[in-house]
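Here is the structure we will look at, set down as structure tokens.
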Amino acid sequence: MTKSATFYIKHSFSVWLFFFIFSYSVLFSPSVTTHELHETNARVTLRDGHLEIRIWVDVARWTAKLQNSEAWLLGDIERIMPLKLNKKQQDTFLGEIITSQTSLILNNQAVTLKQVSISHPKTAPSHPKFKEFIVSAEHSLSSIHLLNIRFPKSLGVVHTNFIKPQYQMVPAGQDAQLSFSPRKHKENK
């Protein structure tokens, strides 16, 4: 056998082995799953005189944390959730935590949140264990230049999207022009 034929056989075997191992790890690895929502997510929408917060929570995970006495001893939760609550009582308990332990400050003024609703989000049918908590607040500020929010510690990390819609009438058949100011990045200390 010539040197080039031996090299070709060894090289093609290496490529085949790599492809086999890679395919096996992708197809049969327990850590690889389809896109799945694991963290709590929130969307804060600012409008004139009104603010809405939608929070998507894995209720089973959150409930387990709220019923953990060690979490209470460590200060991760303020009170332990009773074990035998029906669905309505559980929703009330969780809604009270969100409204009482979420801190919202607009332009250095504290704002009181009120609960609007709790539902299974129709936008995420692939995540049936998540519930959507909607809270809102009214304000009389003409413009908001500073928003400070803190979610209950028991929710863990909350991936948050902040939205401030711009409204404009677009005449039929004419252009509309919007300008977006560049985002200022905070430096990590």
Using amide H atoms built in the peptide plane, which far-off residues or other-chain residues are under 5 Å from Val116 H to H?
Ile134, Val135, Ser136
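Suppose accessible area is computed on protein heavy atoms with a 1.4 Å probe; arrange Met169, Met81 from highest to lowest. Walk me through the numbers on the way to the answer.
On the way: Met169 170, Met81 5 Å².
My answer, sorted largest first, is Met169, Met81.
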Taking 35 Å as R0, compute the FRET efficiency from the Cβ-Cβ separation of Phe93 and Leu141 and round it to 0.05.
0.65
Rounded to two decimals, the Rg over Rh value of segment 32-116 from Cα coordinates and the Kirkwood Rh reads 1.02
Which residues qualify? For Thr40, with a placed amide H closer than 5 Å and at least 5 residues away or on another chain, they are His159
Can you give me the distance in nm between label points at Ser103 and Glu70, each placed 7 Å from the Cα along the Cα-to-Cβ direction?
2.7 nm
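At 1.4 Å probe size, with every protein chain present, just tell me what the per residue accessible area of segment 37-94 comes to in Å². Don't skip to the end; give the middle numbers.
Details: 3380 Å² over 58 residues.
Ligands and nucleic acids excluded, the figure is 58 Å² per residue.
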Applied in sequence order to segment 81-94, the curve 6.51 cos²θ - 1.76 cosθ + 1.60 (Karplus, θ = phi - 60°) yields integer Hz couplings, x standing for Gly and Pro, of 6, x, 6, 9, 9, 6, 4, 5, 5, 5, 4, 4, 4, 5
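Contour minus end-to-end for Arg79 and Ala110, with contour as 0.36 nm per residue of separation and end-to-end as the Cα-Cα distance?
Values: separation 31, 0.36 × 31 = 11.16 nm, distance 2.35 nm.
Value of the extension gain: 8.8 nm.
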By the scheme Lys and Arg +1, Asp and Glu -1, what is the net charge of all other residues having a beta-carbon under 9 Å from that of Ser136?
-1
On a C-alpha basis, how far is the centre of segment 61-95 from the centre of segment 131-153 in Å? Whole number, if you could?
23 Å
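The values are calculated or read from the model by the stated rules, or taken from the named source; none is laboratory data. Since the model is a prediction, treat every value here as computed from it, not as a measurement. Here the Cβ is made from the backbone with ideal geometry for all residues, glycine too, and neighbour counts use every protein chain on show. For accessibility, only protein heavy atoms count, side chains too; no ligands or nucleic acids. Shrake-Rupley method; radii C 1.70, N 1.55, O 1.52, S 1.80 Å.
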